Structures are given as C-alpha cells and as structure tokens.
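Here the structure comes first, spelled out in structure tokens, and everything after it is commentary.
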Amino acid sequence: MTALAIENLRKAYGAILAVDDVTFEVQPGEIFGMVGPNGAGKTTTIECLEGLRRPDGGRISVLGLDPQRQGYDLRERIGVQLQESSLPDRLKVREVMDLFSAFYPRPVNWRELLDQLGLTEKSNSHFSKLSGGQKQRLFIALALVNDPEIVFLDELTTGLDPQARRAMWEMVKNVRERGKTVFLTTHYMEEAEQLCDRVAIIDHGKIVALDTPQNLIASLGAETRVAFRVDDRIETAVFRSIPGVTRVELSGGNVIIFGRGEGLVVRVVMALDSAKIRFRDLRMEQPSLEDVFLTLTGKEMRD
C-alpha cells in the first residue's frame, strides 16, 4: 500500500485555481518533497492531505484513509508541522508536551523526544523565551509526540540560520530512519536536493516535474562551470579547443568555462598549466536542483 496517493486533486479560491489536476503517490519510508514558487499550490496541497482543507475535486488517500471522511482516525496516525504556528507565551515547554501527549492513546515518551531535539534544558522555559530554532524544534516534537506513521513538514526551516537548518536536516533523516514517511514543502532547493528521495515541482497549481533530484538535474542537460581568476590578459582560444568545452566567458580577470563531460576541470587545469597561465580562486559549479527549478518556473519574482 502506498503511504499516500492523490488523483486529479483540484482546489480553487474563487476564480483562482490553486491546485489544478494534481496526481502523485508517496511510498512508505520515503522523504518526498514538494517545491514551487510562492502561490504555486504547495501549502494548499499539503493542507488537503492533512484534512485541514476540503478539495473541490479529485481523490485523496492517506494511509488508506480519506482525510475528510475519516479525519479523526487519520489524525491519530499523522504528525503535522504547520507553516505558521504559535502557542501562548506563558506556556512552558514541558506543559505543552504533557498537554499534547494527553490527546493521543499511545504517545511516545515526550521527555526522550525533547532530549533527541536538544530541548531538555528548555523544558521549564516559557514559549516566549525560546529562540526561532527552538520554537521550530518544539513544533517538530509536537508533530512526533503521537509516534506518527507520516510526518508533514510545511516550510520546516524558513527563517532559521544555517546552523539550525542543518540540525533540522539531520532530524528529518533520523525520523525517516525510524521507519516514518516524510512529506515536506520547502523554498530551499538545496534542502530538497539534500533530503528528498523524490521531488515534485509545482507551478501555477500543476506538477511540472517529478523525479529524484539526481534525475531532474540530469534531465536539464545543463553545463558544468569552471570559474577562476587571472591577473594577466589571456586569450579565450586557449580553452576553446579543450574537449567538452562549449563556451568561454571573460570579464576583466574573471574567467568562466562552460562544458560537459567527466573530467572537465582536470582538462582545464592541464590547459592552464600547459599555457603557463597563473590562476587563483578556482572552483567548479555543477548543475543543481535550483537550476532545474528556475528553468521550469522562470526567474521572475512573485508575491
């Protein structure tokens, strides 16, 4: 049985079609990511899966249950971290965990959960005294307190510093290692590339691509970039004859060589050495999921 399945999901807000005929499945034990520009339909989709929003059409099955007709049974088996959440400022961490544990028939030991998420020392702290990263970890603890089979994470690391973001990534991997299925939405392409087994790219309410991050990147057919700086004037002809090189950009002392194939950077360095060209700040930039995302959804800003 699939962990969850959506078939021809549709949801409109007046004249705006937020989700337009979306279909996909998520397998048990998978980290499945959904990415897209602002307003693309990510949050609407995940809220329909959670039973928080009623779709206008299509079929949804989560753990074999219909989120609308069997929402009570479903909520005992899933964990949810919303895009925006809050708690009363004066409520203490241990009070929150104790309260939420009481909602479920078979909760996990919430003290162990706080320890795993590095919140034990904050158990007597008021919610208002927690940092942004600590609040996010608390909401994750609340999403896991009922030992769910599927965890929904909506924009998990938005607003977190790089250190806290990396810690959250490790937490997500640990959740999967415990046999859980993870469905997440994110604005960070690096996050999706690092964490997800498969990624769906949604734009204007439609799935425009769905595959593993590696396959999505390979399908782009994008060029590898080798960039470096030189102090002396050089001729680009030195590099145009290198096998695999497609074009060369020269701007002042900055050189970017575009090409395809394995070993491109080695061939570039050998050419530099053979021509006695002194260089510095050499780096290789390979195609990423962000390149796929921008190619499919465009580069213009959206609200």
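The values are calculated or read from the model by the stated rules, or taken from the named source; none is laboratory data. Here the structure is a predicted model, which means the values were calculated and not measured. Cβ: placed from backbone, ideal geometry, glycine included. Neighbour counts: every protein chain shown.
See the values below:
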read-out	value
Per-region count, the stretch 172-203, residues touching an Asp or Glu at 6+ places or on another chain (Cβ under 7 Å) and surrounded by fewer than 16 Cβ atoms within 10 Å (Cβ to Cβ)	2
Qualifying position, being under 20 Å from residue 81 (Cβ atoms), touching a residue at least 24 places away in the same chain (Cβ under 8 Å) and of a type in the set (Gly, Ala, Ser), among 227, 222, 209, 164	164
Checklist (1) crowded, with 21+ Cβ neighbours inside 10 Å; (2) free of Cβ contacts under 8 Å to residues at least 12 places away in the same chain applied to residue 112, failing item	(1)
From the options 116, 68, residue that is under 21 Å from residue 6 (Cβ atoms) and either of a type in the set (S, T, N, Q) or in contact with a Lys or Arg (Cβ under 7 Å, 6 or more places away or on another chain) (or both)	68
Boolean, residue 175 is of a type in the set (A, V, I, L, M, F, W, C), farther than 21 Å from residue 44 by Cβ, touching a Pro at 6+ places or on another chain (Cβ under 8 Å) and outside the structural domain of residue 250 (by TED's automatic domain parsing)	no
First in the stretch 271-286 and farther than 14 Å from residue 242 by Cβ, second anywhere and in a loop (DSSP other than H, G, I, E, B) and among the acidic types (Asp, Glu), Cβ under 9 Å, 6 or more apart	278/231; 278/232; 279/231; 280/231
Meets criteria (more than 30 Å from residue 201 (Cα to Cα), acidic (Asp, Glu), out of contact with any Ser or Thr (no Cβ under 8 Å at 6 or more places or on another chain) and at pLDDT 90 or above) for residue 273	yes
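Each row is one residue, and each column tells you yes or no for (1) surrounded by 15 or more Cβ atoms within 10 Å (Cβ to Cβ); (2) of a type in the set (S, T, N, Q); (3) on the phi > 0 side of the Ramachandran plot; (4) not assigned by TED's automatic domain parsing to the domain that holds residue 38.
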site	(1), (2), (3), (4)
230	yes, no, no, yes
242	yes, no, no, yes
246	no, yes, no, yes
254	no, yes, no, yes
258	yes, no, no, yes
262	no, no, no, yes
265	yes, no, no, yes
278	no, no, no, yes
298	no, no, yes, yes
